[in-house]
Amino acid sequence: MLPIVDLHSHYYGDLAASAEGFRRLVDSPDLFRVVVCALDLKLAPSADFPFMSTFATTNEQLEDMIRRIASPKLVPFAHIDPREKNAPRQVEHWIRERGMRGIKLYPPQGFYPSDPACLDVCRAIQEYDVPVLMHMGRVASHPGLRSKYARPIYLEELGLACPRLRLIIGHFASPWAMEAAHIAMSWPQWAYDLTTSGSWNLPVLRHVCGLPWDPGIKRFVLGTDGGGANNLDLARATRARLIGGGFTEDEVDLMFHHNGLRVLGEA
């Protein structure tokens, strides 16, 4: 089993345990790289749906954690909200001037991937040739979020506007994985992230891997949604699910290691 390349995890800037979790994670020989995202959804606290309110980590907080731990295993992704007036300039700032290695976008905040503002941000990301991890599919319930913005059909216009964009489709757009696979056929560099529900539908995963005209299994990358302390446990659970569903150890190593390195530009 090769050490994992985890392309989807979150730093919780207000939780000291999260930074300590990442500090211990990078010491493990079972980890090769982990993408750590800032995500500041600016949500009002909700007593009924408190979980999503924990995503309140700024790019500055992530930058500080990355600097303190100083491990090449940590790959920081800045969060950008395309609805902000200076969003394309923020891409330049965080990539070129502050050393972030990718961008995280979160359509359930209230924008479609096909919205002009999002296309402008993605054009800037494409210009710097870094990956963009976009949350797609259902989002956990909160009054300030809506899953409808994260349907894969809205990625078609994005692909036409940014044909060289290195897009990671978060959660394999579950429950709309087949829709994502159909739209992605025209852009072979797009990747499918197996985070949480992204690995649930094993027949769909196997079907996509068997398409003779498509990159197939080379599109799949590991993501855990971990917060530092639990990334390896979540990766083991995903591995067990895939092996139990008929994937071989070599196939899982391709998804959990080699494919992720290619998306990061390290293959």
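Since every read-out is calculated from the coordinates, none of them should be taken as a lab result. Since the model is a prediction, treat every value here as computed from it, not as a measurement. Positions of Cβ are generated from backbone atoms using ideal geometry, with glycine treated the same way; all protein chains shown enter the neighbour counts.
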**Request:** Given the conditions (1) closer than 13 Å to Val5 by Cα; (2) part of a helix (DSSP H, G or I), report the number of the one that Leu205 does not fulfil.
**Result:** (1)
**Asked** Does Ser9 meet the test of being within 19 Å of the chain's Cα centre (by Cα), small (Gly, Ala, Ser), surrounded by 13 or more Cβ atoms within 10 Å (Cβ to Cβ) and over 30 Å from Glu251 (Cα atoms)?
**Response** no
**Request:** Look through the range 68-99, keep the residues that are within 22 Å of Gly260 (Cβ to Cβ), out of contact with any Asp or Glu (no Cβ under 8 Å at 6 or more places or on another chain) and touching a residue at least 40 places away in the same chain (Cβ under 8 Å), and return whichever of them is surrounded by the most Cβ atoms within 10 Å (Cβ to Cβ).
**Result:** Phe77
**Request:** Scan the range 218-234 residue by residue and report those that are crowded, with 23+ Cβ neighbours inside 10 Å and over 22 Å from Ala56 (Cα atoms).
**Result:** Arg219, Phe220, Val221, Leu222
**Message:** Out of everything in the range 16-59 that is more than 21 Å from the chain's Cα centre (by Cα) and hydrophobic (A, V, I, L, M, F, W, C), what residue ends up being surrounded by the fewest Cβ atoms within 10 Å (Cβ to Cβ)?
**Reply:** Ala47
**the range 130-159: number of residues that are outside any helix (DSSP H, G or I) and either β-branched (Val, Ile, Thr) or touching a residue at least 40 places away in the same chain (Cβ under 8 Å) (or both)** = 14
